[in-house]
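Novice: If you scroll down you'll find the structure; I have some questions about it.
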Amino acid sequence: MESHSGKYDTVKLLQAQSHIWNHIFSFINSMSLKCAVDLGIPDIIHNYGKPMPLSKLIASLPIYPSKTCFIYRLMRILIHSGLFSEENVTGQNELEVEYVLTDASILLLKENPFSMTPFLHAVLDPILIKPWYHLSVWFKNDDPTPFEKTHGMTFWDYAGLDPNLNHLFNDAMASDARFVSSLLIEKYKESFQGFESLVDVGGGTGAVGKVIASSFPQLECIVFDLPHVVTGLQGSDNLKYVGGNMFEAIPPTDAILLKWILHDWNDEDCVKILKKCREAITSKGKHEGKVIIIEMVISDKEKRDDKSVETQLFFDMEMMALVSGKERNEKEWANLIFFAGFSHYKITPVLGLRSIIDIYP
């Protein structure tokens, strides 16, 4: 950072300071977004039906009178982040800001079938935030994850004991499943044809399973998850819920869906899961079945824009902090697939930052 004369390069020094500040304060983006969702701002603007003046927004919010002057500042950072947009109009002899939704904030509406609000509530819940305070300590001891360092048990054990975390997690996964399943049926419909049965392993409350079952009546679908997840859930004519443990046995089937399952586990556990999948799709003596994996495939940076790579790396760090898993590049995926005894695979990048990985026995 020194110039040829031995003095500091002032421009570089100030840029470096700003860069560090942005990283120190980046949590403010997340917490400002959470605040807006908690206050119901996306839905209030949406229900207004047209660009909403600041004064109207303030009057519609359940806030203490002395806090009204701060709403403009909250909206300003959210506009800068691209979560809302603004229009300036003249009203009663002065300029007033009006707010409109963006494509991003539309995904925060409660009634949007693809709403990401449950995902926000889960990831930003204190139970999942606290492990980050122990990240550096975790590096210095032999605790399996920062989550276990913080809470004294695995994420999965905690979710099994705490109804609140279990609810948050299942809601988050169900909201994402609705988002993915619509794209899955639209862009990947042919993949489910020709099979008589499918098991959605780790399928949670069945958001994806229900869509597949209704779209393909010829398929006998099973949503397979831990007993405390599926107990009491009602199936349909070609959909049923089965409780069990994917490390022990998976119901025999023609096809298996693993949506956002393997990134939760380390390589050794992933190989175990994939071996159980292979047993399930070959148990009838057939070798025409397959396993459909929906996961991220971390791309080389030069093949993606910086924001996409950053998001994938965020997810990778989240897996490190909460569970024993990771996000993987194609080479790492290939190693898991072949170690588990599968013969070949195909990657189809049709789900944004995630891909469909078909693997065959």
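Novice: With labels modelled as points extended 7 Å from the Cα through the Cβ direction, what inter-label distance (nm, one decimal) is found for Glu279 paired with Ile106?
Specialist: About 4.7 nm separates the two model spin labels.
Novice: Along Cα→Cβ, 7 Å out, is where each label goes; now give me the distance between the ones at Phe27 and Leu135 in nm to one decimal.
Specialist: With each label placed 7 Å out from Cα toward Cβ, I get 1.0 nm.
Novice: Oh, and also: Could you tell me what a quarter of the Cα convex hull surface of segment 63-164 works out to, in nm² with one decimal place?
Specialist: The orientation-averaged projected area of the Cα hull of segment 63-164 comes to 10.6 nm².
Novice: I've got another one for you. Exceeding 22 Å between C-alpha atoms, which entries from my cross-link table qualify? They are Lys67/Lys130; Lys34/Lys326; Lys187/Lys210; Lys187/Lys240.
Specialist: Result: Lys67/Lys130; Lys34/Lys326; Lys187/Lys240 exceed 22 Å.
Novice: Continuing with this model, one more query. For the chain, what proportion of DSSP beta bridges, expressed in % and rounded to the nearest 5, is antiparallel?
Specialist: So the antiparallel bridges amount to about 55 percent of the total.
Novice: If you don't mind, another one. Provide the FRET efficiency to the nearest 0.05 for the Met153-Asp267 pair, computing r from the beta carbons and using R0 = 25 Å.
Specialist: 0.65
Novice: Can you tell me the Rg and the Dmax, both Å, for the Cα atoms in segment 206-361?
Specialist: Rg then Dmax for segment 206-361, in Å: 16.0, 48.
Novice: Next question, about the same structure. Does segment 3-150 come out rounded, prolate or oblate, given a ≥ b ≥ c as the square roots of the eigenvalues of its C-alpha gyration tensor, rounded meaning a/c under 1.5 and, failing that, prolate meaning a/b above b/c?
Specialist: Cα axes put segment 3-150 in the oblate bin.
Novice: With only alpha-carbon pairs counted, each pair once and no self-pairs, how large is the Kirkwood hydrodynamic radius of the chain in angstroms?
Specialist: The Cα-based Kirkwood calculation yields 23.1 Å.
Novice: Around Arg328, which amide H atoms from residues at least 5 apart in sequence, or from another chain, sit under 5 Å from its own amide H, with H modelled in the peptide plane?
Specialist: Those lying under 5 Å, H to H, from Arg328 are Ile298.
Novice: Å³ per residue of the Cα convex hull, for segment 290-351?
Specialist: Roughly 101 Å³ of hull volume per residue.
Novice: Whole angstrom only: what separates the Cα centroid of segment 303-361 from the Cα centroid of segment 117-189?
Specialist: The distance from the Cα centre of segment 303-361 to that of segment 117-189 comes to 18 Å.
Novice: Something else about it: If the chain between Leu313 and Ala249 were fully stretched, how many nm would it gain, using 0.36 nm times the residue separation less the Cα-Cα distance?
Specialist: Stretched fully, the Leu313-Ala249 segment lengthens by 19.9 nm.
Novice: So for the pair Ile58, Ser215, with labels modelled 7 Å out along Cα→Cβ, what separation do we get in nm?
Specialist: Label-label distance for Ile58 and Ser215, simple model: 4.7 nm.
Novice: Also, I was wondering about something else. Could you sort the peptides 310-323, 338-351 by per-residue average Cβ neighbour count (10 Å cutoff), highest mean leading?
Specialist: Ranked from most to least packed, the peptides come out as 310-323, 338-351.
Novice: When each pair of different Cα atoms in segment 104-153 is counted once in the 1/r mean, what is the Kirkwood radius in angstroms, to one decimal?
Specialist: 12.5
Novice: Something else: Quick one: if you take sqrt(5λ) for each eigenvalue of the C-alpha gyration tensor of segment 218-269, what semi-axes come out, biggest first, whole angstrom?
Specialist: 21, 14, 10
Novice: Calculate log10 I(q)/I(0) of segment 189-290 for q = 0.10, 0.12, 0.18, 0.23 Å⁻¹, where I(q) comes from the Debye formula with a single equal point scatterer on each Cα and nothing for solvent.
Specialist: -0.25, -0.36, -0.82, -1.29
Novice: Next question. Report the dimensions of segment 122-270 along its three principal axes from the alpha-carbon atoms, largest first, rounded to Å.
Specialist: 52, 30, 29
Novice: Test of the criteria: in segment 91-192, which chymotrypsin sites (Phe, Trp or Tyr not before Pro) are in a DSSP loop and have at most 16 other Cβ atoms within 10 angstrom of their Cβ?
Specialist: Counting only loop positions with at most 16 other Cβ atoms within 10 Å, the chymotrypsin sites (Phe, Trp or Tyr not before Pro) in segment 91-192 are Phe114.
Novice: Can you tell me how segment 30-81 classifies by the Cα gyration tensor, rounded, prolate or oblate, using a/c under 1.5 as the rounded cut?
Specialist: rounded
No value in this document is a laboratory result; all are computed from the given coordinates. Just so it is clear, the model here is predicted, and its values are computed rather than measured. Using ideal geometry, Cβ is built from the backbone for each residue, glycine included, and neighbour counts are taken over all protein chains shown.
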